[in-house]
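These notes concern the structure reproduced below.
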Amino acid sequence: MKKVIIALTITILIAITAIGITHYYSVKILSASRAYTNFESQYSKGEKDASRHLMSYIYSHDEVDYLYFKSDISIPKGDSIAREALTNGKDIKIARIGFLMAGNHPDDLPDLVWFFQKFKNEQLFKSAIATWKQADVMVAKLNAIGSLAYNNIHSGKAVDKEGLVLQINTISDNLTIKQQNFSAILGVTSRMVDHYVFITDIVISIIIFGCTALLVGIMLVKLHTSKMVILQKNIALKNANERINKLAYAVTHDLRSPISSLTGLVSVLEKEKDISQVPVYTEMMRESLDLQDKYIHDVLHTIQNEGAKKEELCNLDEIVNDVISQNSFFAEGKKVKFLSELELNELRCNIADMKVVFNNLISNAIKYADFSKPEQWIKVKSYRKDRLCFIEIEDNGLGIQPEQKSNIFNKYFKSGINKKSMGLGLYFTKQAIEDMNGTITVKSLFGIGTSFIVALPL
């Protein structure tokens, strides 16, 4: 009996040791998988930001955009250095430096290096490394395009903007596929680890009776919970990145209208011969600057509240007057006539979204005004119908070509008339309206004018 007890005790100790070893490596593998998931997220964000800043640089020729591009592209380039070092058996310090250049957390470096060295010859991870290598080649092409654009712009050579942007978008799309494949392989790895750990735990739990089974169950639950928390945090980070990118685009776009208005006022002031009128124009400039300051304050308030969509009672007349004040003059300084027919003046909505709607629609109406006509006008109407608030912004401008109407709300769509357009205004307008559970439609006759109709719930 004593020998049996000793044998059972030894068996239980071996089983417990096996559990410890099994879970040590499972946690290490899952931790490494998490580290590579974060690595892929940083890689993807760096590439997307680099593509965005490069496209912005191609159109704006702003050195700041190029510097941002070089900073962003260094993230996937750093990962490429790490991969080559680990693949070719170079000094691990080089791999660590590469991973740090790519923005990986220092605490994750041991897991990243260990996982690569341990599984680089395993078929599953070998496939992931091949995908990673293919992505690095595409990143190198993206970097080459950036250098070519930079050299051509600095040497005064002609730059095929549309061609370069098409190449950038193609590379970015292909990289997205590679990144998804890499993530999918990591997902398979994690699921395989979960599967084998589960089977091992079941066998060992039978040997050491129900108490060990309970312990294993608790550990599996904790592992599953940790995995879910990591996934939720990754989703939250991605959503935060999307909000930041959207806010950056929106601020850049919305500040252009008041700047164009100020440019128009300066043009009028330069042509004004009556000195007594100068204070009038400078006061109008001051009002426009005050409105810009108020807009920046609203943006900061939105950031401080983490982009919370708070509804409040909005005064449509006040919002329209502010937007008209900011957009009353365009670059040549010609005045546009504004007509207001607001039957419904108060509405519960998100004021920041409402300002985006009015600012983009009114500024677009000014940009595409038809100055060959005797009078240029923009009419803003609001009324109640079937528990909905309808807002119409109508103009007698150039109108929209029939074949373009279905695309005007697409991101980066440009009609070709306004060369300075970023192709984002109507895209953000539609997003803002949908965030308020509303809809937007358009009616337009080319050469006659355009009417945008917004419907919001009361």
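A few notes on this one:
- You will find that of E346, E306, the residue that is open to solvent by 60 Å² or more (accessible area, probe 1.4 Å) and at pLDDT below 85 is E306 and no other.
- Within the set N239, N169, N245, the sole residue that is modelled with pLDDT of 75 or more and part of a helix (DSSP H, G or I) turns out to be N169.
- In region 334-450, counting only strands (runs of 3 or more DSSP E) that sit wholly within it, the ones holding 2 or more residues that are under 33 Å from the mean Cα position of the chain (by Cα) span 346-349, 377-385, 388-395, 439-445.
- K414 without any contact (Cβ under 8 Å) to a residue 12 or more places away in the chain and not aliphatic (A, V, I, L, M): yes
- Checking each residue of region 383-392 against the condition of being touching a Lys or Arg at 6+ places or on another chain (Cβ under 8 Å), of a type in the set (A, V, I, L, M, F, W, C) and either open to solvent by 90 Å² or more (accessible area, probe 1.4 Å) or modelled with pLDDT of 90 or more (or both) gives at least one match.
- Residue within region 149-156 that is of a type in the set (A, V, I, L, M), surrounded by fewer than 17 Cβ atoms within 10 Å (Cβ to Cβ), assigned to a helix (DSSP H, G or I) and free of Cβ contacts under 8 Å to residues at least 12 places away in the same chain present: no
- So S415, is it open to solvent by less than 50 Å² (accessible area, probe 1.4 Å) and more than 30 Å from E318 (Cα to Cα): yes
- S41, sole failed condition from (1) over 24 Å from F119 (Cβ atoms); (2) at pLDDT below 90: (1)
- Test for L458: is it at pLDDT 90 or above, closer than 21 Å to E318 by Cα and open to solvent by 20 Å² or more (accessible area, probe 1.4 Å): no
- Set side by side, the residues N181, N174 differ, and just one is part of a helix (DSSP H, G or I), modelled with pLDDT of 85 or more and within 25 Å of K28 (Cβ to Cβ), which is N181.
- Residue in region 375-382 that is among the hydrophobic types (A, V, I, L, M, F, W, C) and surrounded by fewer than 16 Cβ atoms within 10 Å (Cβ to Cβ) present: no
- One residue stands out in region 157-201 among those that are under 18 Å from A140 (Cα atoms) and hydroxyl-bearing (S, T, Y): the one that is most open to solvent (accessible area, probe 1.4 Å), namely T170.
The values are calculated or read from the model by the stated rules, or taken from the named source; none is laboratory data. Quick caveat, the model's predicted, so the values are computed rather than measured. As a convention, Cβ positions derive from the backbone with ideal geometry for all residues, glycine included, and neighbour counts pool all protein chains shown. Ligands, DNA and RNA are stripped out before the accessible areas are found, and what is left, the full protein with its side chains, is counted by its heavy atoms. Shrake-Rupley method; radii C 1.70, N 1.55, O 1.52, S 1.80 Å.
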